[in-house]
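A.B. asks: Encoded as structure tokens, here's the structure I'll be asking about.
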Amino acid sequence: MIEVEGIVVKNTPFRDNDAMVTILSENRLVPFLARGVMKPTSKNASSVQIHTKGRYVLYNGKEGLFLKNAELIQTYPHAKQTLTCLTSLGFLCEINIKLLVDEDTSRVYPFYCKALELLEKEFDPLTVNIIYLAQVLKAIGYGLNVDECQLCHRRGPIAVVDYRAGGFICPNCFDGQELPPNNSTKLKIIRYIFKVDLERFGQAVLPKAESIEVLKELFDFVKDHTTVDLKSFSLIEKILKLD
């Protein structure tokens, strides 16, 4: 038997009354088959709903892990009441499912829990989204160098972020013919999202226009460097601009 705490990031109906469920735990993504949970009378049905935190008792079968029973911890009902928050939740799940396969999730799990708590308290979804994406990239080895110039390794004034190079570029190393210089607000946002710790996550709302621009650049960065295409960007961009 295995007992694991986690948050449901995927729930796919399987056969008549079963579901294939994946949870993000404090160590890894854990997929399992939950038999009978699609029945209205199932005692475990509420615990395997998407964006739900629970404690799960699993056992090994011939075809993987199976759910024995589950204990509901949190459902985050207020985070599911607006289109903006629902879109953000879907975006967070896509990040988890596509970027954390076979990854150690010990560094990002506390941030994911905090992200859901902040959305439950109606904190700014854009700030939550961009910080969580940056923290996941950092955890899987694709974090940007925001402490010094990526080329000469000197600390000091920064002219631009070069995603191809992997971080900030100073004025001395900057080739203005290839990249336009970034404004200071944008550079501060990029540094903040990669440096913020769990305690400070949720203490500041980031500027909207520049954050949407940075989020788009990070989506492109993910596609170029990991071959993962995050499909939810076009929708979340439209919703955030309208919000």
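The values are calculated or read from the model by the stated rules, or taken from the named source; none is laboratory data. This is a predicted model, so every value here is computed, not measured. Cβ: placed from backbone, ideal geometry, glycine included. Neighbour counts: every protein chain shown.
Yes/no per residue for (1) among the aliphatic types (A, V, I, L, M); (2) touching a Cys at 6+ places or on another chain (Cβ under 8 Å); (3) within 25 Å of residue 234 (Cα to Cα); (4) outside the structural domain of residue 215 (by TED's automatic domain parsing):
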| position | (1), (2), (3), (4) |
| --- | --- |
| 36 | no, no, no, yes |
| 43 | no, no, no, yes |
| 51 | no, yes, yes, yes |
| 93 | no, no, yes, no |
| 96 | no, no, yes, no |
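A.B. asks: Same structure, new question: Quick one: which residue in 148, 94, 122 is assigned to a loop (DSSP other than H, G, I, E, B) and closer than 21 Å to residue 51 by Cβ?
C.D. replies: 122
A.B. asks: On to the next question. Answer yes or no as to whether residue 30 is surrounded by 17 or more Cβ atoms within 10 Å (Cβ to Cβ) and in a loop (DSSP other than H, G, I, E, B).
C.D. replies: No, not satisfied.
A.B. asks: Among the residues that make up segment 180-190, is at least one of them over 15 Å from the mean Cα position of the chain (by Cα), of a type in the set (Gly, Ala, Ser), surrounded by fewer than 19 Cβ atoms within 10 Å (Cβ to Cβ) and not in a helix (DSSP H, G or I)?
C.D. replies: no
A.B. asks: Here's another thing I want to ask about it. Starting from residues that are in a helix (DSSP H, G or I) and hydrophobic (A, V, I, L, M, F, W, C), keep the ones in segment 196-222 and report whichever is surrounded by the most Cβ atoms within 10 Å (Cβ to Cβ).
C.D. replies: 214
A.B. asks: Shifting gears a bit: Does residue 58 satisfy being in the same structural domain as residue 215 (by TED's automatic domain parsing) and either surrounded by fewer than 16 Cβ atoms within 10 Å (Cβ to Cβ) or at pLDDT 95 or above (or both)?
C.D. replies: Here the answer is no, as residue 58 does not meet what is asked.
A.B. asks: State all residues of segment 151-163 that are assigned to a loop (DSSP other than H, G, I, E, B) and in contact with a Leu (Cβ under 9 Å, 6 or more places away or on another chain); if no residue qualifies, say none.
C.D. replies: Result: 158, 159, 163.
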